[in-house]
Amino acid sequence: MPTAERSAVDVTSTSRGCAPAAGAAPHAGIAVERVTRRFGTAGGAELVALADLTLHVAPGEIVSVVGPSGCGKTTLLELICGLQRPDAGRLVSEPAALMPQRDLLLPWLSALDNAGLALRARGVSRAAARATAGPLFERLGLAGFERTRPAQLSGGMRQRVSLARSLLAGKPVLALDEPFAALDAITRAELQAWLGHTLAGERRTVVLVTHDVEEAVLLSDRVAVMSPRPGRVVTELEVALPRPRSRTDPALVQLRAQALAALGGRA
């Protein structure tokens with residue numbers, strides 16, 4: 001699973017005062033300041049994915065990023081994780097773990113060994129990685145499936161294993177790239193509730209990319225709405241609602257409508 005630590009001119013590691021999350025280092029804020037990212041195309045033209053984008057995420061905050069397809073949401077996550085570098089601007093983040101859209105589980109490994117890959121990559125023995133990952137399976141509703149291969153797991157269970165792998169990376173920042181986009185509506189609703197509960201217990205800094213505005217409002221402390229490409233943040237909505245949240249809460253419905261209006265107004 002991709003993780004990154006970095007210290008450079010454009011991408012910098014920093015520390016801010018905050019309480020440490022379980023299994024993660026403290027000081028997990030993010031600052032993206034006037035960042036631009038460009039790509040060359042096969043025809044020699046330049047494609048500007050992000051332009052002058054600014055976004056700040058406080059330590060322990062959960063921020064969702066919504067926007068039209070192709071506006072640079074995944075590019076933003078990869079910049080935060082150090083997998084790309086900005087062409088202009090400044091990005092400051094603690095080490096981040098990326099949970100990609102696809103679970104990317106290795107088919108020849110058990111669910112438990114897939115979850116422990118982040119530990120194995122740091123030189124932890126297989127036995128120690130299994131011992132560390134085992135209790136997390138109980139928390140994530142995967143108890144009894146430790147030895148199961150990915151092909152025998154449902155889509156929702158595979159995503160839970162993928163999240164377990166991300167959590168075990170021990171990074172203070174989690175970057176979640178549309179983790180439930182490929183799931184059916186019923187499973188997605190179940191996992192949204194489960195993820196909200198899980199993140200409440202972790203309290204790491206989280207950036208969640210999603211096309212689902214309702215999901216964003218359900219799970220987040222704040223929703224950042226992006227413009228079409230070149231992407232930039234055009235609206236931010238505070239979600240000051242108690243948890244757990246209900247989809248039918250009039251305040252939540254109103255915030256969802258505001259986010260959709262912001263998206264529609266910029267299309």
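The values are calculated or read from the model by the stated rules, or taken from the named source; none is laboratory data. The shown structure was predicted, so the numbers you read here are calculated from the model rather than taken from an experiment. The accessibility values were calculated without ligands, DNA or RNA, using every heavy atom of the protein model including side chains. Shrake-Rupley method; radii C 1.70, N 1.55, O 1.52, S 1.80 Å.
Look at where the Cα atoms of region 42-80 and of region 106-170 average out, and the two centres are 29 Å apart.
Take the chain with all the other protein chains still there, run a 1.4 Å probe, and you get 44 Å² of accessible area per residue. Extent of the chain along its three principal axes (Cα atoms, max minus min coordinate, largest first): 49, 45, 43 Å.
Carbon and sulfur together cover what percent of the accessible area of the chain at a 1.4 Å probe radius? Mind showing how you got there, number by number?
Numbers: 6240 of 11700 Å².
Carbon and sulfur: 53 percent of the exposed surface of the chain.
With contacts taken as Cα pairs under 8 Å at a separation of at least 6 residues, the chain carries a relative contact order of 26 percent. With θ taken as phi - 60° and the Karplus curve 6.51 cos²θ - 1.76 cosθ + 1.60 applied, the whole-hertz 3J(HN,Hα) list for region 99-109 is 9, x, 4, 8, 5, 6, 6, 7, x, 8, 9 Hz, x standing for glycine and proline.
Our summary of shape: the Cα atoms of region 87-185 have principal axis extents of 47, 37, 24 Å, ordered from largest down, in whole angstrom. Taking the alpha carbon gyration tensor of region 62-118, multiplying each eigenvalue by 5 and rooting it gives semi-axes of 27, 15, 10 Å, largest first. Computed on protein heavy atoms with a 1.4 Å probe, the accessible areas place Met157, Met99 in the order Met157, Met99, largest first.
Please compute the Kirkwood hydrodynamic radius of region 122-267 from all pairs of different C-alpha atoms, in Å with one decimal. Kindly include the intermediate steps, with their values, before the conclusion.
Numbers: mean 1/r = 0.0591 Å⁻¹.
Roughly 16.9 Å, rounded to one decimal.
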